[in-house]
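Each remark here refers to the structure printed beneath this line.
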Amino acid sequence: MMNQPGQNLAKMRDTAPLVQNITNYVAMNVMANIILAAGASPAMVHAREEAAEFTALAQTLTINIGTPSPAWAEAMVEAARTAHRLGKPWVFDPVAVGATGYRRDLGARLLACKPTVIRGNASEILALAGMQTAGKGADAADSVDAAKDAARDLARQTGAVVAVTGPVDVVTDGARMAEIANGHPMMPRITALGCSLTGIVAAFLVDHDPFEATVAALAYYALAGEMAGEAKGPASFQTAFIDALYGMSPEALNDGARISLR
Amino acid sequence: MMNQPGQNLAKMRDTAPLVQNITNYVAMNVMANIILAAGASPAMVHAREEAAEFTALAQTLTINIGTPSPAWAEAMVEAARTAHRLGKPWVFDPVAVGATGYRRDLGARLLACKPTVIRGNASEILALAGMQTAGKGADAADSVDAAKDAARDLARQTGAVVAVTGPVDVVTDGARMAEIANGHPMMPRITALGCSLTGIVAAFLVDHDPFEATVAALAYYALAGEMAGEAKGPASFQTAFIDALYGMSPEALNDGARISLR
Amino acid sequence: MMNQPGQNLAKMRDTAPLVQNITNYVAMNVMANIILAAGASPAMVHAREEAAEFTALAQTLTINIGTPSPAWAEAMVEAARTAHRLGKPWVFDPVAVGATGYRRDLGARLLACKPTVIRGNASEILALAGMQTAGKGADAADSVDAAKDAARDLARQTGAVVAVTGPVDVVTDGARMAEIANGHPMMPRITALGCSLTGIVAAFLVDHDPFEATVAALAYYALAGEMAGEAKGPASFQTAFIDALYGMSPEALNDGARISLR
């Protein structure tokens with residue numbers, strides 16, 4: 001039996017964890033704002049000269065390969081290893097991992113660093129699991145349904161909780177599988193909302209069971225999309241969405257979350 | 001006789017092209033959001049290790065020198081050459097090209113890679129065309145009028161369509177010249193709107209005549225500024241502007257565009 | 001006796017200075033938009049190949065170590081030295097300077113380049129002044145009160161005006177000390193507002209006494225937070241805040257500023 005997701009939200013806000021993010025240039029600002037709106041504390045620290053040193057100060061870590069480069073790739077691996085060694089959770093966001101050879105190689109190196117959670121869209125999870133995929137760029141050309149088996153396999157291969165986000169979100173640890181039916185069709189029309197969710201997952205992970213924490217984080221995020229409601233377009237939707245992350249109470253999350261365990 | 005610009009918009013949305021952008025750090029997030037709002041699919045891929053490989057996946061490319069560095073400069077040249085070799089359109093955005101020797105050199109290298117379209121403000125087009133200019137930073141200290149002859153010369157020298165954006169936009173292929181009278185005085189008070197327009201031009205270029213596609217893209221963008229209407233300030237204007245890009249119908253574009261051919 | 005801060009605002013808008021910023025990736029877009037909203041002209045120019053050359057074109061400079069790297073560190077030092085040599089003001093923003101050895105070393109190098117103003121939160125000013133501090137990431141774990149003595153010492157050691165921002169802002173040149181009581185509790189929930197303020201300080205510095213200009217810039221910024229008023233959350237607050245920076249008249253600033261000299 002799962003905790004109510006509102007309990008995870010309340011504890012995350014009490015802890016206000018320091019979340020280190022090695023993320024892409026597109027996501028940096030909105031991801032920091034989303035982590036702040038949720039109630040945690042973001043730090044974007046990615047230089048090889050300091051990234052792993054900073055990991056010792058942070059409580060949780062995210063790594064996103066959206067705009068990779070050689071120096072950052074080394075910082076990613078060093079920070080991930082440090083988190084693993086110190087027993088701190090870290091979340092891997094394999095942006096467009098199937099698109100180029102450079103990303104496939106980097107993705108494989110990071111998988112070897114034992115992420116606590118892997119969060120991607122269907123194409124990315126299929127690519128990571130070694131299946132054929134039609135991924136183009138950061139889009140989710142594959143459906144979440146097609147990625148369910150791949151997600152379970154990837155969880156079993158790696159020991160990570162795997163989250164596939166899309167119209168319906170799926171979370172699995174290889175044994176359990178949960179689906180979250182919340183969300184809003186405008187969310188994919190805004191850049192870096194998936195990347196930013198990775199930071200919310202990381203914040204929820206501190207001192208929580210990874211599977212339950214990931215389910216709670218995804219439900220919180222998707223419900224905020226519903227609460228943002230009907231906007232005239234993606235820019236006003238983004239404003240309402242971030243405000244909803246800020247304003248949502250644990251009770252509202254418990255009431256609104258549509259989670260089903262399989 | 002030109003097509004109606006709404007037809008270009010409708011076809012662009014049907015195609016939803018994958019637009020690769022090597023752009024500056026300031027523009028990345030808003031440019032991706034603007035491309036998504038318009039109905040295309042952005043990918044910010046600039047690392048030398050993968051940029052040209054990705055160009056083969058994308059349908060169209062933009063290169064913006066707003067925050068150049070040595071590694072990115074090589075990626076820019078390699079991606080531009082790849083686009084040219086594969087017959088894919090690419091748009092050059094020569095941000096502040098006259099400001100430093102480094103930008104002038106990089107600008108010259110990229111001109112040699114045969115851009116399909118060059119889009120800049122008056123100071124940038126004058127600088128590229130080799131004329132004297134008072135450009136400071138990314139501002140448009142020179143008037144669009146002063147840049148008309150330079151734009152025509154640059155188009156003839158390079159074979160590119162040249163677009164000069166400002167209070168009135170001018171587009172020329174060296175023979176034809178169009179003016180677009182739409183727009184809003186708040187637009188220059190928001191950073192990276194010009195950079196983001198470059199991505200919209202690239203999206204419109206796919207399978208269209210470059211001159212007509214550029215005119216249609218500029219009319220669409222400037223009319224969205226009018227539709228955003230009176231805001232209390234630049235931040236609420238930006239929100240309304242992006243929502244207008246999302247919501248504008250092809251019919252509204254045909255009705256509202258004020259294009260004159262010279 | 002101080003000038004009215006509205007006079008500084010009016011003169012800054014008349015001058016519309018070109019502000020060069022070597023800032024972090026998180027802040028770039030919002031900082032440029034905030035500088036534009038205030039009425040100045042931003043340029044984000046940080047590549048070593050051109051940064052110091054550009055400093056000769058700009059009227060004022062900011063350096064922020066939020067996302068440092070080896071190439072940028074050299075550009076920072078070269079640009080700061082150029083500004084000092086040419087008699088142009090420059091503002092140092094020592095983001096999380098106490099968090100890692102890399103930042104401490106870079107912070108010391110930049111202090112040696114004689115900043116006109118240093119602007120940070122309490123933890124950062126305490127770290128720079130060599131005191132014990134509990135800073136984590138970019139947060140202000142220490143109170144502004146605790147940092148007052150450190151600020152005065154730092155001003156005397158360096159010859160810079162030192163500004164400590166927080167619930168109450170403090171500005172000192174080592175002899176004078178001013179407190180600004182304006183502000184809004186939502187401001188720390190939005191990323192990069194402190195970084196962006198550094199750009200506003202730099203714009204106000206052009207042709208003004210550094211102490212008075214810094215006080216005026218901080219009052220303008222904090223009063224805009226009050227004018228933004230009650231929002232549903234941090235995203236709508238940010239929009240209202242930037243609009244308020246754009247719309248505030250010099251008279252409104254003189255009426256609303258709560259500055260006390262000690």
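The values are calculated or read from the model by the stated rules, or taken from the named source; none is laboratory data. No experiment lies behind these values; they were computed from the predicted model shown. Counting neighbours? That spans all protein chains shown, and the Cβs are built from the backbone with ideal geometry, glycine included. Note: areas computed on protein heavy atoms with side chains; ligands, DNA, RNA excluded. Shrake-Rupley method; radii C 1.70, N 1.55, O 1.52, S 1.80 Å.
Between C:Asp93, C:Asp207, C:Asp173, the GNM of chain C built on Cα springs shorter than 10 angstrom shows C:Asp207 fluctuating the most. Measuring nothing but protein heavy atoms, the accessible surface of the range B:145-262 at 1.4 Å probe radius is 50 percent carbon and sulfur. Check each of the GluC sites (Glu not before Pro) in the range A:171-262 and keep only those in coil by DSSP with at most 16 other C-beta atoms within 10 angstrom; list them in order. Within the range A:171-262, the qualifying GluC sites (Glu not before Pro) (loop, at most 16 other Cβ atoms within 10 Å) are A:Glu230. Among C:Val215, C:Val162, C:Val30, the largest mean-square fluctuation in a Gaussian network model of chain C, built with springs joining Cα atoms closer than 10 Å, belongs to C:Val30.
When the surface is traced with a 1.4 Å probe over the full set of protein chains, C:Asp153 keeps roughly 60 Å² accessible. Two numbers describe the Cα atoms of the range C:2-148: Rg and Dmax, which are 15.4, 43 Å. The B-C contact accounts for roughly 2200 square angstrom of buried accessible surface, both chains included, probe 1.4 angstrom. Summarising the strand pairing of the range A:5-261, around 35 percent of its internal DSSP beta bridges are antiparallel.
Per residue, the solvent-accessible area of the range C:5-261 (1.4 Å probe, heavy atoms of protein chains only, all protein chains present) comes to 31 Å². Each copy carries A:Leu261; placing its label point 7 Å along the C-beta direction from Cα gives inter-copy distances of 6.8, 6.8 nm, listed from smallest up. The range C:67-192 gives an Rg/Rh value of 0.96, both radii derived from C-alpha positions and Rh following Kirkwood.
For the protein assembly as shown, the average shadow cast by the Cα convex hull is 29.2 nm², which is a quarter of the hull's surface.
Each residue of the range B:199-216 was assigned a 3J(HN,Hα) from its phi angle through the Karplus expression (A = 6.51, B = -1.76, C = 1.60, θ = phi - 60°), giving x, 5, 4, 4, 5, 5, 5, 4, 6, 10, 4, x, 5, 5, 5, 5, 4, 5 Hz with x at Gly and Pro. Here the Karplus curve 6.51 cos²θ - 1.76 cosθ + 1.60, taken at θ = phi - 60°, turns the phi angles of the range C:56-72 into couplings of 5, 7, 6, 9, 7, 9, 10, 10, 10, 9, x, 10, x, 7, x, 5, 5 Hz, with x standing for Gly and Pro.
Grab the other residues whose beta carbon is less than 12 angstrom from that of B:Arg258, score K and R as +1, D and E as -1, and report the net. Once all neighbours under 12 Å are counted, the net charge is -4. For the protein assembly as shown, a crude dipole built from +1 on the beta carbon of Lys and Arg and -1 on the beta carbon of Asp and Glu, taken about the Cα centre, is about 1020 debye to the nearest 20.
Think of it as helices only: each DSSP H run of n ≥ 4 in the protein assembly as shown is worth -39500 (n - 2.57), and spread over all residues that comes to -15500 deg cm²/dmol at 222 nm. When every Cα-Cα distance of the range C:113-253 is counted in 10 angstrom steps from zero, the calculated P(r) takes the values 13, 43, 33, 10, 0 percent. In whole angstrom, the range A:33-89 maps to an equivalent ellipsoid with semi-axes of 19, 15, 9, each derived as √(5λ) from the alpha carbon gyration tensor and ordered largest first. Here C:Asp14 and B:Gln157 are evaluated by their C-beta separation; at R0 = 56 Å the FRET efficiency comes out at 0.90. In this calculation the C-beta distance from A:Ser143 to C:Ser260 is compared with R0 = 41 Å, giving a FRET efficiency of 0.10. Charge dipole (Cα centre; +1 on Lys/Arg Cβ, -1 on Asp/Glu Cβ; no other charges) of chain B amounts to roughly 380 debye. Sorted shortest first, the separations between the C:Asp14 label point and its copies elsewhere in the assembly read 5.8, 5.8 nm; each point sits 7 Å from Cα along the Cα-to-Cβ line.
Each pair of Cα atoms in chain A enters the Kirkwood radius, and Stokes-Einstein at 4 °C and 1.567 mPa s then converts it into a translational diffusion coefficient of 73 µm²/s. Stretching B:Lys114 away from B:Glu251 to a fully extended chain increases their span by 45.9 nm, per 0.36 nm per residue minus the current alpha-carbon distance. Sorted from nearest, the other copies put their B:Ala56 label points 4.4, 4.4 nm away, the label point being 7 Å from Cα in the direction of Cβ.
Toward the positive end of the charge dipole of chain B, with +1 on the Cβ of Lys and Arg and -1 on the Cβ of Asp and Glu, the farthest Cα among B:Gln7, B:Gly98, B:Asn121 is that of B:Gly98.
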